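K.L.:
So that we are looking at the same thing, I have put the structure below in structure tokens.
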Amino acid sequence: MRQKTLITEWLVHKNRQTVVLIVAWIVLHLFLFFHFGIVTGLEAGKYIDRANDLVKQGAYPTDNFIFYSTEILLIAAAKCLHLGYGVVVTVQLGFNALACYCFYRIVEKLTKQNKAPFYFTLGFIAMFFYQLYNIYLFTESLYFSFSILFFYRLLKFSTFRLRQFVEVVLWLILLCFTRPVGLFFLPSTFVFIIFKFYREQATMLLLTAGVIVCVAFFFLINYSRNSGEEYDYILRFTDGYVICGIPSMPAKSIQFPVKENSLQGLAYLMIHYPGYFFSLFFQRLLAFFSAVRRYYSLPHNLFVAGYFCSLYVLAVWGIKKNFRIHGAEILFMLLLIFFTALSAGLACDEWHSRFLYTVFPFLMLLAALAFAPLQTKNKV
């Protein structure tokens with residue numbers, strides 16, 4: 001009888017948590033919708049224009065928009081079916097709601113706690129600057145959601161065979177064609193699979209298949225760099241950008257003996273102009289991780305800096321406590337954060353810290369690990 005009472009109390013508690021999370025999600029998005037409406041300006045304009053190009057001409061004007069195809073195709077479909085942009089936002093909200101559920105389950109799996117999943121998911125939903133993009137016709141909303149859904153699916157795998165391989169490939173294709181930074185999932189996923197399912201052969205696989213993955217990653221990154229001005233790393237350096245579009249150092253005229261907008265061009269710049277290169281690089285990293293901007297108010301800067309610094313402290317603690325148990329998962333998340341930060345350091349950071357928000361869920365998950373119970377058995 002006592003056991004039945006405990007089960008009933010647990011179910012009531014879980015139902016209350018679920019109701020609170022659902023209400024919080026609805027209230028936030030109603031506020032966003034009625035305050036901002038559906039945002040079709042700013043960067044959304046270029047995706048709408050490219051959707052018009054697809055509808056009228058069946059092609060993009062430049063290849064770089066291939067890496068934004070998911071959002072563009074969704075907008076194009078809405079136009080062809082005369083459904084309006086409300087359908088696009090509805091799809092984005094649907095995937096976001098599903099991602100919130102998966103985020104809860106991931107925290108539950110990693111921490112094995114009852115309270116941590118609720119509080120971290122509530123904090124995740126309440127992060128206004130992250131959820132804001134759900135009403136924008138930008139690529140961020142879908143990319144944010146897909147990244148969480150993909151990680152959730154990875155954690156569901158108990159083995160890695162052909163079916164799992166096909167699913168992973170499909171997810172990676174979807175991520176890469178949603179935003180170009182989806183390419184960062186390639187090495188992260190490869191390392192996760194090795195350390196999760198083939199740890200005994202890790203050294204051999206990293207030295208063999210790892211080389212192939214690195215070469216493919218190199219060529220894909222180089223291709224994306226040369227597919228349009230949007231990805232011009234060198235321009236960001238020669239113009240002295242820390243925040244995209246805002247020169248922070250005097251522009252520098254440099255003659256390149258190699259193709260400028262390429263990894264080779266970056267290597268040339270780093271070797272021959274190290275002071276200039278690393279000064280900009282570390283300023284960008286600071287801007288990326290702090291999320292502080294000089295055009296924000298002091299209270300805003302104090303809030304975001306304090307918020308993310310707290311996450312970093314908890315994340316370090318969580319990694320230290322749980323690396324033996326969740327090594328594969330931690331490596332996956334750390335590699336994503338590393339490549340995203342590296343990209344911001346090599347290009348420029350975005351005005352409103354959107355690059356940082358692409359890895360925000362994974363920073364939250366690493367921080368949640370700080371509340372996982374200490375375990376000694378190595379299950380990786």
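The values are calculated or read from the model by the stated rules, or taken from the named source; none is laboratory data. Everything numeric in this text was worked out from a predicted model, so none of it was measured. Reconstructed Cβ throughout: ideal geometry from the backbone, glycine too, with neighbour counts over all protein chains shown.
K.L.:
Of the residues that make up segment 38-46, is at least one free of Cβ contacts under 8 Å to residues at least 60 places away in the same chain and among the polar types (S, T, N, Q)?
P.N.:
No: segment 38-46 contains no residue that is free of Cβ contacts under 8 Å to residues at least 60 places away in the same chain and among the polar types (S, T, N, Q).
K.L.:
Identify the residue in segment 1-54 that is hydroxyl-bearing (Ser, Thr, Tyr) and modelled with pLDDT under 85 and, among all such residues, is farthest from the chain's Cα centre (by Cα).
P.N.:
Per the stated criteria, the residue is Thr5.
K.L.:
List every residue pair whose Cβ atoms lie under 6 Å apart, where the two residues are 6 or more positions apart in sequence or sit on different chains, the first residue falls within segment 268-283 and is within 14 Å of Ser343 (Cα to Cα), and the second residue, located anywhere, is in a helix (DSSP H, G or I) and at pLDDT 80 or above.
P.N.:
Listed pairs, sorted by first residue: Phe281/Gly345.
K.L.:
Criterion first (farther than 18 Å from Val181 by Cβ and at pLDDT 90 or above) does Gly318 satisfy it? If you could, list the steps in order and put the result at the bottom.
P.N.:
On the way: farther than 18 Å from Val181 by Cβ: yes; at pLDDT 90 or above: yes.
Spelling it out, Gly318 is indeed farther than 18 Å from Val181 by Cβ and at pLDDT 90 or above.
K.L.:
Also, quick follow-up: In segment 106-142, which residue that is under 17 Å from the mean Cα position of the chain (by Cα) and hydroxyl-bearing (Ser, Thr, Tyr) is nearest to Leu366 (Cα to Cα)?
P.N.:
Selected residue: Thr121.
K.L.:
I'm trying to understand the selection: among the residues of segment 36-45, which are in a helix (DSSP H, G or I) and exposed (fewer than 14 other Cβ atoms within 10 Å of the Cβ)?
P.N.:
Keep residues of segment 36-45 that are in a helix (DSSP H, G or I), which gives 36, 44-45.
Hits for segment 36-45 are Phe36, Gly45.
K.L.:
Sticking with this structure for a sec: Being without any contact (Cβ under 8 Å) to a residue 60 or more places away in the chain and within 22 Å of Leu356 (Cα to Cα) is the filter here, so list the residues in segment 100-116 that pass it.
P.N.:
Within segment 100-116, Tyr101, Cys102 qualify.
K.L.:
Have a look at Leu369, Leu342 and point out the one that is modelled with pLDDT of 80 or more and crowded, with 19+ Cβ neighbours inside 10 Å. Give the derivation first.
P.N.:
Working: Leu342 fails: crowded, with 19+ Cβ neighbours inside 10 Å.
When all the criteria are applied, what remains is Leu369.
K.L.:
If you don't mind, there's one more thing I want to ask. Going by what's in this entry, would Ser158 be described as of a type in the set (S, T, N, Q) and without any contact (Cβ under 8 Å) to a residue 60 or more places away in the chain? Don't jump to the end; show me each part of the working.
P.N.:
Details: of a type in the set (S, T, N, Q): yes; without any contact (Cβ under 8 Å) to a residue 60 or more places away in the chain: yes.
Judged against the criteria, Ser158 is a match.
K.L.:
So how many residues does segment 266-298 have that are modelled with pLDDT under 80, within 30 Å of Phe360 (Cα to Cα) and over 26 Å from the mean Cα position of the chain (by Cα)?
P.N.:
Counting residues in segment 266-298 that are modelled with pLDDT under 80, within 30 Å of Phe360 (Cα to Cα) and over 26 Å from the mean Cα position of the chain (by Cα) gives 2.
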